[in-house]
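Only one structure is covered here, and it is reproduced in the block below.
No lab work stands behind these numbers, since they all come straight from the coordinates. Quick caveat, the model's predicted, so the values are computed rather than measured. Every residue, glycine as well, gets a Cβ built from its backbone with ideal geometry; the counts of neighbours run over all protein chains shown.
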Amino acid sequence: MVSTDQKTDVKEKEADCPVVVAVTSHAVFESGGAEDPDGLYVGGIAFPLLQALQKVNERLLKENPAESLLFDVIVITTESQQQQQSSRITESIRHHGLKVSRFCFSNEEDFIENLLNNNVHLFLTTNRNEALQGSQKGVLSVLLDEHTASCPTEQLRVLFCGDAVVQSEAGPALASKQAAQSFSAQIGKMRGRFGLFDSPISIALVTSRGGRESCGDALRTLRSLGVNADEAYCLAGVPRGPIKRLLRPHFLLSECFSSN
Amino acid sequence: MNLNNGQSLNVGGQDFTKNGGNSSRAPWEDARTVLRPSTPTRKPKSPKPENAITIAVSSRVLFNMEKEQQIYEQQGMEEYIKYQVEHETEPFSPGPAFSFVKALEAVNAKLRELYPESEELFDVVLMTNNHANVGLRLINTINHHQLFIERFCMTGGNSPIGYLKAYHTNLYLSADPVKVREALAEGIAAAIMFTPEKMKEVSDTQLRVAFDGDAVLFSDESERICKAHGLDKFFEHEKAHENKPLDHGPLKGFLEVLGKLQKKFYGKGQRMDCPIRTYLVTARSAASSGTRALKTLRSWGLEIDEALFLAGAPKGPMLEKIRPHIFFDDQMFHVEGAAEMGTVACHVPYGIAQRVVKKGTKDKETPNASK
């Protein structure tokens, strides 16, 4: 339910505009379009993530009913087959009790345009190609990891990867570095609305290759963006897999630290 | 490398540096220290966890954070974090594990000389429940003291257990009894470290590690008999089972890895003045029950450099002579006795002795308490 009024607000009060997150229908629902007995789609990888985003919004509004720094969630289709399933998608969303503000029924040709038109701050997809396309157009695009995004948790868990090595596999993200930084600043601000304990958002930082100095630098970079991490891990070569499994992030961000 | 040079053993407000006894501030606090820039020398690469001997230490045992601890207790978490951030460029002074870590690094330096390609080295990981906001102060402090710590986990209140496993931790040292018990339950060698009133000077050329026997290196099976049936039965039992090895205890594995490293020095002709020395300090007596202990070690293929059978005498004075960097015991009575005489002593909360002790083990709330 985004009215045009909010759009002007976006220009005036940059700091408190909503954080627009677009998730592909493929990510929200089980791939292959699996259906339940009612013919509705079954929850997929990004399902817990959407629930976590919702929870953050609920808590933000609880702190301040007039809060405008909220997640604005869009479900977007990125190919024609899904595009044609519009009613089933909306039904399924409603059935699962997810609060989605908008639907964009686009296909492979025009979904990028829709992302841009809707001023999307973060684009989440399970499709590597889509993520790449998004990045190339300057939209912060994050590839959802099957193993981690789907962990159900009470908290939205965001993981910053402070090393160049751990650059998201979505490929070169030159244009989206700025998008990443402003999104990170928004997340940092949201995190700041809550205290140290019992926060619906948790921010972790991991550096994979470098030693303590590189982690220190990453912490400083985050701080300069207004992000205060809750947890920090400096691996200095320890295999990432087990650590990532323990951290259970819903998604990873690394573009803030790219050397470009 | 003289450990006592200019470093404040700053316990209970008393300053032990040459600066004089009135001020409770260490020299670097006086000078509003400009941090020493990290040395430009090439830093050695951290070994792979599966090859290294990983020692995980919490921030409160590595550094002295008493002042900050007090702020947390009296003013709460937010003030604690605020204070830490405000004092970010001020390094902490050394804590009880500091000299142990420095000794580990000294051993590493020697190992690197003899075996430049090997990754069988000590790897010290900072494993703290602290919030990442304290991270920069901890990093700055590591830099200041020129410690070789390149790996750390700041879990922001989450349990460290999973991370201990991910780092293949061989030994975990913390001031928090809850976490140590959790680690032991997961099969990770762990101990609660205490800060002695006055720390005695320790060697900077030789790492010395002292162990109690029962319920530390060995299982608590004999102690159970002692507690249930008394000392006489205990001696009888031990004599009768002299040739039956005791079951292993939580720190057997750590002694084992120390032995492995020792052999590397022996291999290069450094047996007489090996940079690692191990001690068994046990209440068993040489005349009777001690034999079973030694035979057990032998059956495990482990050596211990010195075995001290005290036949029930207090351990404090003996440890004061040995000057280990660290001492492990399962009984608080011995841990306290050792600490009173200046030894860095650690409690291994394992076995039958834990159910007997009622006093003095109430967990103090810490800023790093698990959520």
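Tell me the net charge near A:Ile203. Cut-off is 11 Å between Cβ atoms, A:Ile203 excluded, with +1 for each Lys or Arg and -1 for each Asp or Glu.
Charge balance in the 11 Å sphere: 0.
With an 8 Å Cα cut-off and a minimum separation of 6 or more residues, compute the relative contact order for segment B:49-192 in percent. Display every interim value, and only then the final one.
Details: 227 pairs, mean separation 47.0, N = 144.
Rounded, it is 33 percent for segment B:49-192.
List the residues whose amide H sits under 5 Å from the amide H of B:Ala307, counting only those 5 or more places along or on another chain, with H placed 1.01 Å from N in the peptide plane.
B:Leu280
Debye sum, Cα scatterers, segment A:19-148, no solvent: what log₁₀ I/I(0) at q = 0.09, 0.11 1/Å?
Values, matching the q order: -0.24, -0.36.
From the gyration tensor of the Cα coordinates in segment A:156-253, what semi-axes in whole Å does the equivalent ellipsoid have, largest first, with each one equal to sqrt(5λ)? Before the final figure, lay out the partial values.
On the way: eigenvalues 77, 55, 34 Å².
In descending order the semi-axes read 20, 17, 13 Å.
Tell me which residues come under 5 Å, amide H to amide H, from B:Phe328 once H is placed; ignore anything under 5 positions away on its chain.
Those lying under 5 Å, H to H, from B:Phe328 are B:Ala210, B:Phe211, B:Asp212, B:Cys346.
No solvent, one uniform scatterer per C-alpha: report log10 I(q)/I(0) for segment B:207-353 via the Debye equation at q = 0.15, 0.16, 0.20, 0.21 1/Å, two decimals.
-0.73, -0.83, -1.27, -1.37
Can you work out ³J(HN,Hα) from phi for every residue in segment A:219-232, in order, using Karplus 6.51 cos²θ - 1.76 cosθ + 1.60 and θ = phi - 60°, giving whole Hz and x for Gly and Pro?
Using θ = phi - 60°, the values come out as 4, 5, 4, 4, 4, 5, 8, x, 10, 9, 5, 8, 10, 9 Hz.
I need the phi-derived Karplus couplings for segment B:209-214: 6.51 cos²θ - 1.76 cosθ + 1.60, θ = phi - 60°, integer Hz, Gly and Pro marked x.
Values per residue, Gly and Pro as x: 10, 10, 10, 6, x, 5 Hz.
Hey, if you drop one equal point scatterer on each alpha-carbon of segment B:55-204 and run the Debye formula without solvent, what base-10 log of I(q)/I(0) do you get at q = 0.12, 0.17 Å⁻¹?
Each listed q corresponds, in turn, to -0.52, -1.03.
Mind listing the long-range amide H neighbours of A:Phe160? Cut-off is under 5 Å, sequence gap 5 or more, other chains count too, H placed in the peptide plane at 1.01 Å from N.
Under 5 Å from the amide H of A:Phe160 lie the amide H atoms of A:Ala204, A:Leu205, A:Val206, A:Leu253, each far enough along the sequence or on another chain.
Can you pick out the pairs among A:Lys189/B:Lys48; B:Lys165/B:Lys315; B:Lys263/B:Lys295; B:Lys45/B:Lys252; B:Lys110/B:Lys200 whose Cα atoms lie more than 30 Å from each other? Don't skip to the end; give the middle numbers.
Numbers: A:Lys189/B:Lys48 37 Å; B:Lys165/B:Lys315 33 Å; B:Lys263/B:Lys295 20 Å; B:Lys45/B:Lys252 28 Å; B:Lys110/B:Lys200 24 Å.
In this structure, A:Lys189/B:Lys48; B:Lys165/B:Lys315 lie more than 30 Å apart at Cα.
Just tell me which aspartates and glutamates come within less than 14 Å, Cα to Cα, of A:Lys62; anything on the same chain fewer than 8 places away is out.
Hits, sequence-local ones excluded: A:Asp198.
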